[in-house]
Amino acid sequence: MSSKRAAARVFFWTALAILLIASFRGSQSDSGGLSILMEPDGTGVWRDLVAEFNREYPGAPIRLIEGPPATNTREDMYSTSFLSGEAAYDIVYCDGIWVAKFAAAGWLADLSSRPTADDRADFLPVEFEAGSYQGKLYRMPAFTDAGVLFYRKDLVSKPPETFEQLSMLAQAMQTEDRWGFLWQGKQYEGLVTVFLEVLRGFGGEWIDAQTREVKIDSPETIQAITFLKNTIGTISPPSVTTYAEEDTRNIFQNGRAVFLRNWPYVWTLIQQAGGSFSQQIAMTPMVHAPGFASAPTLGGWGFAIASQSRDPGRAWQFVEFLTRPEQLIQVQQRQGRIPSRRSMIPAEFLPILTSARMRPVIPEYAQASDILQRWLSAALAGRVTPEKAVSEIATETSLLLKGGRP
Amino acid sequence: LIIGRGQRAWFYAPAAILLVLGIAYPIARTVLLSFSHLNLTTGFQPRFAGMENYLRVLSDSRFVNSLGVTAIFSIISVALEFGIGLGLALAANKLVRGQALVRSIFLAPWTLPTAILALLWAWIFNDPYGAVNALLQNSGVISRPVAWLATPATAMSAIIIADVWKTTPFIFLVLLAGLQNIPKDLYEAMEIDGGGAWAKFRYVTWPFLLPFVFISLVFRIIQAFAIFDLVWVMTGGGPGGSTETVSVYSYQTYMRYLDIGYGSAQAAATVVILAGVAGFLYWLLLRRYARTF
């Protein structure tokens, strides 16, 4: 009995020792490569590009890690990894609104000297601006998005330019089973992008990123909230306050709406689906108030390099490879994304993308956006008045930007 | 081989090291951090903050809201779990045969990882395709699918139902263990004295069960107050912050806002509140218990 027990004990400790040694060796063998955390690679284009790079440029291999589809979750995965100082990811597939936060935390490498003069001339200038924090470039641009107004050209002969024209046309053309105007009203980042387009279309502003001054407490903000609120139940469905991009696209693509505010990917999908419906769709810049300009919100993706990366030179080699026209066009063809290179942007998108405007590049962006979303959502649902929402957003955001202390 | 007193103490060392590294150090560090500003603005360098983070906790409408959400969730779900768990335990205790089988079946939900069953329940309550909508539509209760997770009251109800489903077995098991500890002769004595079913429950079962009631309630309330995974997976705290619990907000403060100092203050404040709740439960239940004997 006791010899059996002794044997079991020896077995247990040996197994533990082996496991420990194995785990150390496992982590050491990882150090040979570099890794990039990406979106789920549904089309397989990223896998192909990584394989192509590893084949053509011998050296430490790049490993592709497919993350979850929710961009918030990937943002948190980067934060967790960088906070622990373990450099689990060398290359960041980076949303524009993360740049300031990651850069302020010291997690991104300075890329200011990396792009060539040709690249500087070809990529949209606003993308370099969106990828910079305090005068230094941290993110190489790759793909650009901007809010677009889609409409049914079989119903609307001349696209609207102002909020009023949009409301009138939507009212006139909507029927029993066709709503006038669809937008994203759910409490999430998408609502912020829509709201900014309306706010700036009225001549208002949210935050001045340069001076860190909160500009939201203005009559224009009240006008913007009131405009969105008045669409609910009149030209927009009551449940528009729960819709994200895909909800609105599905309704629009089923022919159940006249106008849709969304991103360029909708155009690609509708053209791919073909049929007579694709012939009935046209797009126009987002509407604005008379005397002001259309202000589509910029949304884009690019590549950044972790400051903790052990081989930033190799990482840049990979980023430089991915952002060349030959690689960008593969993603464009297979995913429908629009490259940020002016020479590659389809003509129909050029005027909209070149007029796109950034969300404020501040380290506290996530928190500021959450404040805006919460109160906007409350105002749209009628839980508070627009005036109350505006004053709360202004107070909380000012506190936040002063360092968050009362 | 004779081991002296001094040497014997060394055998406590592994346990002591684990306790210090695993529990004491993180708690001490969190408390320390809660008195400092440590965030993006300070470049992740700690700066002494005194009570500022705690003052901010008190004046933060979002924290107060999340505290309310957590309290509502904890009270309703633990009350339901306790009622159902007690009923099931009383019934199972009466079983002469098959008790082990019943126990295993009831225990199944409790053994599932929360994140996975949260995903499951999110699908059950899904708007067009979920089982709940299909059932209610087929039986004619509702004519159109209801977006359960999209309105505050229904989203909260869905989370509570999922939690009750998962953790009632825990209360059931603890109470059943308590019931089986009660000496049978006490019931016989009660019968001889002419006591009915209610009297048996009130004067024998309940007093003997109280320590188990206390344990199960304290465990459950502490767990419920710290609820994160279920909410995070099912609603993410939405819609409109109506299901955002303290843990969800603290997580956002830490991981999304990278405000470590303020997040620590939120965590510390929550622990203080929880200690108060546990103390109150002790006063409510066990003070009486001590008097009974």
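Just so it is clear, none of the values below were taken in a lab; they were calculated from the coordinates. Note that this is a predicted model, so its numbers are computed, not measured. Glycine also receives a Cβ, built like all others from the backbone with ideal geometry; neighbour counts cover every protein chain displayed.
Observations
- Distance (nanometres) between label positions extended 7 Å along Cα→Cβ at A:Asp41 and B:Ala131: 3.6
- Rounded to whole Hz, the Karplus (6.51, -1.76, 1.60) HN-Hα couplings of the range A:253-262, x for glycine and proline: 5, 7, x, 9, 7, 8, 10, 9, 8, 7
- Percent breakdown of C-alpha pair distances by 5 Å bin, ordered from the shortest bin, for the range A:183-265: 3, 14, 22, 24, 17, 10, 6, 3, 1, 0
- Across peptide B:235-242, the mean count of Cβ atoms from other chains lying within 10 Å of each residue's own Cβ comes to 5.
- B:Arg8-A:Thr71 FRET efficiency (beta carbon distance; Förster radius 56 Å; 0.05 resolution): 0.50
- Annotation: for a label point projected 7 angstrom from Cα along Cα→Cβ of A:Arg383, residues of the range B:133-161 with backbone N closer than 18 Å are B:147-160.
- Rough spin-label spacing in nm, given labels placed 7 Å along Cα→Cβ, for B:Leu286 and A:Glu326: 7.3
- Across the range A:280-324, the residues whose backbone nitrogen lies under 18 Å from the label position 7 Å along the beta-carbon direction of A:Glu164 are A:287-294.
- Of the residues A:Met283, A:Met358, A:Met77, the one that moves most in a GNM of chain A with alpha-carbon contacts below 10 Å is A:Met77.
- For the peptide B:248-260, the mean number of other protein chain Cβ atoms found within 10 angstrom of a residue's Cβ is 4.
- This ranking places B:Thr245, B:Thr235, A:Thr43 by how few other beta-carbon atoms lie within 10 Å of each, fewest first, which gives A:Thr43, B:Thr235, B:Thr245.
- Between A:Ile216, A:Ile251, A:Ile36, the residue with the greatest mean-square fluctuation in the GNM of chain A (Cα pairs under 10 Å linked by springs) is A:Ile251.
- For the protein assembly as shown, the mean residue ellipticity at 222 nm estimated from helices alone is -17000 deg cm²/dmol, where every DSSP H run of n ≥ 4 contributes -39500 (n - 2.57) and the total is divided by all residues, rounded to the nearest 500.
- For A:Tyr133, A:Tyr265, B:Tyr282, order by how many other beta-carbon atoms lie within 10 Å, fewest first: B:Tyr282, A:Tyr265, A:Tyr133
- Comparing A:Ser369, A:Ser343, A:Ser309 in a Gaussian network model of chain A where C-alpha atoms under 10 Å apart are linked, the largest mean-square fluctuation is found at A:Ser343.
- Placing pseudo-labels 7 Å out from each Cα toward the beta carbon at B:Val272 and A:Asp110 gives an inter-label distance of 4.3 nm.
- Across peptide A:360-368, the average count of Cβ atoms from other chains found within 10 Å of a residue's Cβ is 3.
- Note on B:Tyr203/B:Val96: beta-carbon distance plugged into 1/(1 + (r/R0)^6) with R0 of 30 Å gives a FRET efficiency of 0.80.
- Distance between the C-alpha centres of the range A:359-391 and the range B:82-156: 35 Å, rounded to the whole angstrom.
- Estimated FRET transfer efficiency (B:Asn65, A:Asp217; beta-carbon r; R0 30 Å; 0.05): 0.85
- Cα gyration tensor shape of chain B, rounded if a/c is under 1.5, else prolate or oblate by comparing a/b with b/c: oblate
- Extension gain for B:Phe228-B:Ala16 works out to 73.4 nm (0.36 nm per residue, less the C-alpha to C-alpha distance).
- Near A:Ile207, once Lys and Arg are set to +1 and Asp and Glu to -1 for all other residues with Cβ below 11 Å from its Cβ, the sum equals -1.
- Going from the residue with the fewest nearby Cβ atoms within 10 Å to the one with the most, B:Tyr12, B:Tyr203 rank B:Tyr12, B:Tyr203.
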